[in-house]
Amino acid sequence: MRMLRWFCGHTRRDRVRNEVIRDRVGVAPIEEKLTQHRLRWFGHVQRRPPEAPVRNGILELVDNVKMGRGRPKLTWDESVKRDLKDWNISKEIALDRSSLETSYQCA
């Protein structure tokens, strides 16, 4: 944001909101970019062969670990499912690179 403010000629003292600066420069919000990268990686993992360590669960957490107190941590799978639901994208679309890129641009 500091670079974008400098680019527009504003300082923090001018009290211009971040959304206004981002709209003026044409930069997408950070949350949207993180979602795009997460879904891109999901498509990459889904395109791997089933015997790959990423796909067959070798990299999964150990099951016999005692759960800690409080709320469980958000897993990558849960965040991907939430992103797919929020953007109305099916898992099959994530396998097709060209259609996924166009859905990023539409959202």
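Quick note: the coordinates plus some simple rules give every number you see, no bench work behind them. Predicted, not measured: the structure shown is a model, and the values here were computed from it. Cβ atoms come from the backbone with ideal geometry, glycine included; neighbour counts cover every protein chain shown.
Here the label points at Met3 and Arg22, each 7 Å from Cα along the C-beta direction, are separated by 1.6 nm in the simple model. Extending 7 Å from Cα along the Cβ direction at Glu31 and again at Arg97 yields two label points whose distance is 3.0 nm. Here the stretch 1-57 is described by how far its Cα atoms reach on the three principal axes: 56, 15, 14 Å, from widest to narrowest. Neighbours of Arg12 by Cβ distance under 13 Å: Lys/Arg scored +1, Asp/Glu scored -1, total +4.
Using the Cβ atoms and a cut-off under 10 Å, what net charge is assigned to the surroundings of Arg47, where Lys and Arg are +1 and Asp and Glu are -1? Here the charged neighbours net out to +2.
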